[in-house]
Structures are given as C-alpha cells and as structure tokens.
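Peer 1: For reference, the structure I am asking about is given below.
The values are calculated or read from the model by the stated rules, or taken from the named source; none is laboratory data. Note that this is a predicted model, so its numbers are computed, not measured. Using ideal geometry, Cβ is built from the backbone for each residue, glycine included, and neighbour counts are taken over all protein chains shown.
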2 protein chains.
Amino acid sequence: MSRPGALFLSEIRGQPDAIGRLLERTSDYDAVAAEIAKRAPAPIRLVGHGSSDAAASYGVYAFGVLAGLTAMWDSISLTTYYDAKLDVSNSAVIALSQSGQTQDVVEYVMRMRARGAFTVALTNDPRSALAQTAEATLPLMAGPERSVAASKTYMNQLASLALLAGGAAGKARKIADGLRRVTEQMTEMLDPLGLRAGEIAPAFTYVERMFVIGRGFELATAREVALKLTETCRIAAEPLTATDLAHGPVAAIEALFPVWAIASHDETLAAVIEATVRARAAGATLVASGSAAAKIPHAAFSLPVPRPPRPAFAPLLSVVAGQLFAAALARARGLDADHPEQLTKVTLAQ
Amino acid sequence: MSRPGALFLSEIRGQPDAIGRLLERTSDYDAVAAEIAKRAPAPIRLVGHGSSDAAASYGVYAFGVLAGLTAMWDSISLTTYYDAKLDVSNSAVIALSQSGQTQDVVEYVMRMRARGAFTVALTNDPRSALAQTAEATLPLMAGPERSVAASKTYMNQLASLALLAGGAAGKARKIADGLRRVTEQMTEMLDPLGLRAGEIAPAFTYVERMFVIGRGFELATAREVALKLTETCRIAAEPLTATDLAHGPVAAIEALFPVWAIASHDETLAAVIEATVRARAAGATLVASGSAAAKIPHAAFSLPVPRPPRPAFAPLLSVVAGQLFAAALARARGLDADHPEQLTKVTLAQ
C-alpha cells in the first residue's frame, strides 16, 4: 500500500511524458481530423462525463479558435433517454472516456452511428466497448491511470483535442510542435509549483465551499480544478465563467469565501480580472493562477504558470496548479486522493 | 418600502398570469418558428446569462424532443472575445435577456447577424439594444420585473421556447393548449405549495452549501433553483445532472449535506432516483421535488407538484417549488430576496 495520494501525485508529475507518448502518434490523428473537417459546418458533438466533460469544454474553444469549426457539448440524455430524432447524418461525434466503458456514452455513440454520424472514440483502452462501438478510435496514450482522481487522462484529452482541431485546420505539425514546447515548460515548472502549492494549501484545510472561475479556453480548467477539489478534498467547489459570477453567484460571497481564478494571457483576461475585483469587493479570498496570475489585484495567494507558445495551450499548464494544490490540500485534510470515498475509477452509473 | 422579499413573492405568484399574457401572442411566434425550422439541420444557437442561461438549457431539450431539432448552448466568448470564424450562415440564434441590455449578448447577436445567422431576440423590452440588433424580436410578455431575483421572466422564457419548438414542429396549437392547462395547475398549487415551503425552509437556515440535481428537461430547473438559492439565500448551491453527481461530486457529500432533487415523470426518472440513493448512502439530507417527488426514497422533505399534460412542461411547475422555497428561506435567514447584496437587475459586466 503506497502513501495516500502518492499515485495521484506521481500521475500529475507524469503528464509531460504522457503528452510525449501522444505526440508520437500524431499521424493517427490526421486522417480523423480530415474526416471531421469534411463535415463542417455541421456541428462537432462532444460528450463525456466528469473530467471528460471538462475536456469537452476545451474542445469547443479548440475547434472554434484553431479551426473555425463549431463544436458543441452535446446532451447524452436527449438521445439515450428521450430518443430525440435529430438529423446528425453530417455530424462528427467525439466521445471522451478514460475507460471506454461508460454505459450511456457507449449507448449514445451507438445511436449516433446508426443515424449516420461519423463517430470517434478518444479513450485509453482501444479494446473497450466504446472503441468497438465507434467508427474510429484514437489512442489517448495516457497509460494506466491508477488514481481514481484523473490527471494525465484529462491532460491527454486536451492535447488530443488540440491535435484534432489543428489537424482539421491543416496545421497539425505546428500544433504538435507547440505541444512539445508545452511539455518542456511543464517539466520545468513541476518542482517549484509543487512546493508552492504545498505552502499555500494548509490555509484551506477547513474550507467547505469555493468558486473556481475561468473564461473561454480556461472554463475547462475551472471545471476540472473544481472537480479535483470536490473529489479529492471534499470541498463543494463550483466552476463558473467569469461572467456567470456577476449574474448571481457573487451574492453568496462573504468574508474569506475562497475564489480560485484562472487568468491567462488572452482576450478574456480583462473579464477575468473584472470578476475577481467584484469577488474581492464582496470579501473573497482570491487565489490567482494561470500565466497572468500576477495581473489579479489583491490576490492572497498566487500559483503562476509559464506563458505557453499560444493561448490555446494555456489550459494544459494552468490545470497543473490546481492538480498540485488539490493533492497538497487532500494531504493537509488527511484524505487519500487516490481512493476518495464514494468513488470508483469506472463509473457505470446511468 | 415593501416588506423584504414581497416583490419576489408577488412575481412568483403572478406567473400563471404572465404565461397567460404570452399565450395571447402565440401567433407572433409562428412565423419565427417557421424561419428557425427552415434552417435545420444547422444548430439553433441559444445564449443568455444567469436565469436566461438556465432557460437556454431547457431550449436544448424543447427543440430536441418536441421538434427533433439540434439546439445548442453557444459560447458567447468564442465569438465576442476570440472572434472565431464560425460558419453560422445557416444557423438560427435565439438570444435570451430580460432587459435586452446585456452587453456581450448584444455584441454576440450583432456579429452573428453580420455573418448571416437568423437572429431572434427574446426579451421583455422590445425597444432594448438587443431587440434593435436582432432581425426578429419576440415579446416575452412577463411584464416589469421589479425583484432582482428573476422568476416570471424565466417562466416565460420556458414557455416561449416551448412555443417556438412546438411551432417549428407544426404543433403550435397543441403546445399552447398544454401551456394553458399548466397555468391552471400552477394557480391551484401556489397556495398549498407556498405553505409547505414555509414549513420546510427554516430547517435550512444555517446551510452554506447544497447540490441541486435534475436530468434532461429538469437540468434547467436544477440550474435555476440553484441560482435562486445562491442569489436570494447566499447558499453556494451547485446544479448537477443526476449523472454528474456520480462522476465526482458525490465524494463531497457528508452527513446532512443537503441535496435537492427534481424528479419528474419522464424517461430520466430512474437515473434521478439512482443518484438520490447514492447521495443518501453518503449521508445527504434529501429534498424531493417535481411531479414524481414521492418516488424518491428516504427524502427528508418533499415539495411535489402536479403532473403536467406532457413531460416537456414539467420544468414550468417544478421550478415554482424552488422559487417558493428560496423566498421562504431568504425570509428565515433575514435576507431581502428583492435586493440581494452585490447584485443589480441589469448586469452590464463583460
């Protein structure tokens, strides 16, 4: 039996290698990307649960910004429960599942394929039910993930979606080169960021609720960081866009209410800063992360990451700060991030 | 100065009349619905913030189930911040805004219209910036909403989306008749439901966090109820699909953690029940609402509503239980639901 949280931490630290393995399979992605691009302007339908759902948010921005393609988060229940008669014959479907065993995702893909959609499985297990159901399967190459709380699977889902979006735009090589640079930045930052997270985390030992805000590309990061904090630290952490915050939830903020903000150097930065100013005015304790963490005024804590070669890659670096913080905080709270109560690695729930 | 929360309560109680006013304008909806249907299978793009965003979730299911059309929650920031070059020339856009003044929604509609999309404004104010920017404007007919926390605007957004989806499917008359029946059910239930909410609410006076779960059509209700609790009661209430809960957040549940479940008689009921069983096993205190509230085992509290003439109308009744509960709880907590701190009626934030 390893030390509690040791698997989670070692998988977080293994993420640069995981991306590296994926980049060796770049050519597998090109043909599928071309098939996806061929179906535009029909929307690309992204589905997944948990971390895979957060990664799907990233896909919306990756396809939109890198390739000018409409990708949408699709409702699984609309198809699996309500059997809605959608015309999806010209759509591409990308189904995200670490295990490839999530029942309703498999069912969704089966129905979409029967209705003529081009279905792609993005999974770690090429022999899984999902892989066998989809028309094309792309290997996630994250390797076996033993911690219940996912890290490298999510990371490689982001990298895979960036490769697909890049491929659809005819710039696969450029995207792959950029991702390679990101792995170098990630390797360099892991040690100092882990130390810093370990210093900051204990102050949050008794926190019960939290908001995590991002915008655009970093909405995926907000969702994934909130999920890690919920799973591993038992904090009711809610992800919000910087704009959502102003439309209601800011009302719940009182003195010391913790708000984690992801600020990256891109077009959404001003909106994120504005949201943190409002949260601070309401009494929030701000944790600033992202490459533009230093731009957040009055942050009580800061976990900056390097600025990647293009804004589309920012979430790959930003999320690591949240993962390391969650790992350190779980430790401080005496919880085992590898085996959270109530959770299992493969979720078969409907 | 009226009694704190009096406006919110009177607007909640005015919802059957608000729907009634809308139903007198059904013919306005038919022409627009036909224009929307003409553009299929291109996705219908729904946008809004806060309550309007929750209503947009309803639109995804209304168009999908009633008309077999793909509607998607669209990212505003993808267009307004990143200027993604999406091909939207065959899309319909439905922009939801009570005031019609939300800046980034107006900007989004302007750009979508310039790119050839058919743009529709759904707003209370036909002279607003949004109405002037969109190609077509549909009157929401909710009337002036004076409480900062919205109720009848959200209600009429649901009814409007049902009318549009019904119109797109060529069954506008049937949908309007069904909605008329819903107003009768709502009128009958208001008094007893309000009393029951007043009895239950005080037990939650010191609650700080909560999960609100729904699935399918009722995801919109989960989002709206969570938002009401956050705005008016300062509870960090997070909306989740019944399936999301199992993929992580269940880990945060401990003894007495309140989970509000919306259970309606439709295809998703089994999934919602299963999620509540898991939450209860983790120690949650369950509040059951919806027409199938009685099907939730071990609920500590129950706020059932009548079963509507079709499942698609369930959210119009279910949400009222949450509104009345929020109104009663705000009162118990000594908060003024009409004027929550930090919030204003028209949110101009980016």
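Peer 1: Of all the residues that make up segment A:243-274, how many are over 21 Å from B:CYS233 (Cα atoms) and not polar (S, T, N, Q)?
Peer 2: 13
Peer 1: Quickly run through segment A:126-168 and pick out the residues that are closer than 19 Å to A:SER57 by Cβ and in a loop (DSSP other than H, G, I, E, B).
Peer 2: Hits for segment A:126-168 are A:LEU140, A:ALA142, A:ALA149, A:ALA150, A:SER151.
Peer 1: Looking at (1) at the interface with chain A (Cβ under 9 Å from one of its Cβ atoms); (2) surrounded by fewer than 24 Cβ atoms within 10 Å (Cβ to Cβ); (3) without any contact (Cβ under 8 Å) to a residue 40 or more places away in the chain; (4) in a loop (DSSP other than H, G, I, E, B), can you tell me which one B:LEU78 breaks?
Peer 2: With (1) at the interface with chain A (Cβ under 9 Å from one of its Cβ atoms); (2) surrounded by fewer than 24 Cβ atoms within 10 Å (Cβ to Cβ); (3) without any contact (Cβ under 8 Å) to a residue 40 or more places away in the chain; (4) in a loop (DSSP other than H, G, I, E, B) applied to B:LEU78, the lone miss is (4).
Peer 1: Quick check on my filter: what residues within segment A:85-118 are part of a helix (DSSP H, G or I) and of a type in the set (D, E, K, R)?
Peer 2: Selection gives A:ASP104, A:GLU107, A:ARG111, A:ARG113.
Peer 1: Shifting gears a bit: For segment B:70-85, which residues satisfy the criterion of being under 16 Å from A:ALA312 (Cβ atoms) and hydrophobic (A, V, I, L, M, F, W, C)?
Peer 2: Correct list: B:LEU78, B:ALA84.
Peer 1: Which count do you get for residues in segment B:224-243 that are more than 7 Å from every other protein chain (Cβ to nearest Cβ) and surrounded by fewer than 24 Cβ atoms within 10 Å (Cβ to Cβ)?
Peer 2: Count: 0.
Peer 1: Turning to a different aspect of this structure: Kindly list, by first and then second residue, each pair from a residue in segment B:1-29 that is under 16 Å from B:LEU122 (Cα atoms) and in contact (Cβ under 8 Å) with a residue 60 or more places away in the chain to a residue that is surrounded by 18 or more Cβ atoms within 10 Å (Cβ to Cβ) and small (Gly, Ala, Ser), limited to pairs with Cβ atoms under 6 Å and residues at least 6 apart or on different chains.
Peer 2: Sorted first by the residue in segment B:1-29, then by its partner, the pairs are B:ALA18/B:ALA142; B:ILE19/B:ALA159; B:LEU22/B:ALA159; B:LEU23/B:ALA176; B:THR26/B:ALA176; B:TYR29/B:GLY167.
Peer 1: Here's a follow-up. Just to be sure before I move on: is B:LEU69 among the hydrophobic types (A, V, I, L, M, F, W, C), in a loop (DSSP other than H, G, I, E, B), surrounded by 24 or more Cβ atoms within 10 Å (Cβ to Cβ) and at pLDDT 95 or above in the structure I sent?
Peer 2: Considered against the rule, which asks whether it is among the hydrophobic types (A, V, I, L, M, F, W, C), in a loop (DSSP other than H, G, I, E, B), surrounded by 24 or more Cβ atoms within 10 Å (Cβ to Cβ) and at pLDDT 95 or above, B:LEU69 comes out as yes.
Peer 1: Report, by residue number, each residue of segment A:76-101 that is of a type in the set (Ser, Thr, Tyr) and closer than 16 Å to A:LEU140 by Cα.
Peer 2: A:SER97, A:SER99
Peer 1: Let me ask something else. Looking only at segment B:248-267, which residues are in contact with a helix residue (DSSP H, G or I) (Cβ under 7 Å, 6 or more places away or on another chain) and acidic (Asp, Glu)?
Peer 2: B:ASP266
Peer 1: Which is buried (at least 24 other Cβ atoms within 10 Å of the Cβ), at the interface with chain A (Cβ under 7 Å from one of its Cβ atoms), farther than 22 Å from B:ALA292 by Cβ and in contact with a Ser or Thr (Cβ under 8 Å, 6 or more places away or on another chain), of B:ALA252, B:ALA246?
Peer 2: It is B:ALA252.
Peer 1: Now for a separate question. Would you please name the residue that is nearest to A:LEU69 (Cα to Cα), looking only at residues in segment A:21-34 that are of a type in the set (Gly, Ala, Ser) and surrounded by fewer than 16 Cβ atoms within 10 Å (Cβ to Cβ)?
Peer 2: A:ALA34
Peer 1: Is segment A:36-51 home to any residue that is of a type in the set (A, V, I, L, M), modelled with pLDDT of 95 or more, touching a Gly at 6+ places or on another chain (Cβ under 9 Å) and in a helix (DSSP H, G or I)?
Peer 2: yes
Here's the yes/no breakdown for (1) under 22 Å from the mean Cα position of the chain (by Cα); (2) within 14 Å of chain B (Cβ to nearest Cβ); (3) among the polar types (S, T, N, Q):
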{"position": "A:LEU269", "(1), (2), (3)": "yes, yes, no"}
{"position": "A:ILE273", "(1), (2), (3)": "yes, yes, no"}
{"position": "A:LEU286", "(1), (2), (3)": "yes, no, no"}
{"position": "A:SER289", "(1), (2), (3)": "yes, no, yes"}
{"position": "A:PRO304", "(1), (2), (3)": "yes, no, no"}
{"position": "A:ARG310", "(1), (2), (3)": "yes, yes, no"}
{"position": "A:ALA314", "(1), (2), (3)": "yes, yes, no"}
{"position": "A:ALA332", "(1), (2), (3)": "no, no, no"}
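The rows are residues; the columns are (1) under 18 Å from B:VAL32 (Cα atoms); (2) within 11 Å of another protein chain (Cβ to nearest Cβ); (3) modelled with pLDDT under 95; (4) surrounded by fewer than 24 Cβ atoms within 10 Å (Cβ to Cβ).
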position: B:ASP87; (1), (2), (3), (4): no, yes, no, yes
position: B:ALA92; (1), (2), (3), (4): yes, no, no, no
position: B:GLN101; (1), (2), (3), (4): no, no, yes, yes
position: B:VAL106; (1), (2), (3), (4): no, no, no, yes
position: B:MET112; (1), (2), (3), (4): yes, no, no, no
position: B:ASP125; (1), (2), (3), (4): yes, no, yes, yes
position: B:SER128; (1), (2), (3), (4): no, no, no, yes
position: B:GLN132; (1), (2), (3), (4): yes, no, no, yes
position: B:THR137; (1), (2), (3), (4): yes, no, no, yes
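Peer 1: Let me ask you something else. From the list A:THR268, A:THR276, A:THR285, A:THR241, pick out the single residue that is out of contact with any Ser or Thr (no Cβ under 8 Å at 6 or more places or on another chain) and within 26 Å of A:LEU158 (Cβ to Cβ).
Peer 2: The conditions single out A:THR276.
Peer 1: Has segment A:160-170 got at least one residue that is assigned by TED's automatic domain parsing to the domain that holds A:ILE19 and surrounded by fewer than 24 Cβ atoms within 10 Å (Cβ to Cβ)?
Peer 2: yes
Peer 1: List the number of the failed condition for A:TRP260; all other conditions in (1) surrounded by 23 or more Cβ atoms within 10 Å (Cβ to Cβ); (2) more than 25 Å from A:GLY50 (Cα to Cα); (3) modelled with pLDDT of 95 or more; (4) not acidic (Asp, Glu) hold.
Peer 2: Condition not satisfied by A:TRP260: (2).
Peer 1: What number goes with the only condition from (1) over 26 Å from A:ALA314 (Cα atoms); (2) within 13 Å of another protein chain (Cβ to nearest Cβ); (3) not hydrophobic (A, V, I, L, M, F, W, C) that A:TYR61 does not pass?
Peer 2: The single condition A:TYR61 does not satisfy is (1).
Peer 1: Any residue at all in segment A:303-315 that's of a type outside the set (D, E, K, R), buried (at least 18 other Cβ atoms within 10 Å of the Cβ) and assigned to a strand (DSSP E or B)?
Peer 2: Scanning segment A:303-315, I find at least one residue that is of a type outside the set (D, E, K, R), buried (at least 18 other Cβ atoms within 10 Å of the Cβ) and assigned to a strand (DSSP E or B), so the answer is yes.
Peer 1: Using the structure shown, decide if A:GLY322 is touching a residue at least 40 places away in the same chain (Cβ under 8 Å), crowded, with 21+ Cβ neighbours inside 10 Å and closer than 30 Å to A:GLN101 by Cα.
Peer 2: When the stated conditions are applied, A:GLY322 passes them.
Peer 1: Additional query: Would segment A:38-54 turn up any residue that is more than 8 Å from chain B (Cβ to nearest Cβ), touching a Phe, Trp or Tyr at 6+ places or on another chain (Cβ under 9 Å), surrounded by fewer than 24 Cβ atoms within 10 Å (Cβ to Cβ) and under 24 Å from B:ALA40 (Cα atoms)?
Peer 2: Yes, because at least one residue in segment A:38-54 is more than 8 Å from chain B (Cβ to nearest Cβ), touching a Phe, Trp or Tyr at 6+ places or on another chain (Cβ under 9 Å), surrounded by fewer than 24 Cβ atoms within 10 Å (Cβ to Cβ) and under 24 Å from B:ALA40 (Cα atoms).
Peer 1: Identify, please: which residue in segment A:214-247 is basic (Lys, Arg) and under 19 Å from A:ALA330 (Cβ atoms) and is, among those, farthest from the chain's Cα centre (by Cα)?
Peer 2: Step by step, filter segment A:214-247, then rank; the result is A:ARG234.
Yes/no per residue for (1) of a type in the set (S, T, N, Q); (2) not assigned by TED's automatic domain parsing to the domain that holds B:ALA226:
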{"position": "B:SER128", "(1), (2)": "yes, yes"}
{"position": "B:ALA136", "(1), (2)": "no, yes"}
{"position": "B:GLU145", "(1), (2)": "no, yes"}
{"position": "B:VAL148", "(1), (2)": "no, yes"}
{"position": "B:LYS174", "(1), (2)": "no, yes"}
{"position": "B:ALA197", "(1), (2)": "no, no"}
{"position": "B:ALA201", "(1), (2)": "no, no"}
{"position": "B:TYR206", "(1), (2)": "no, no"}
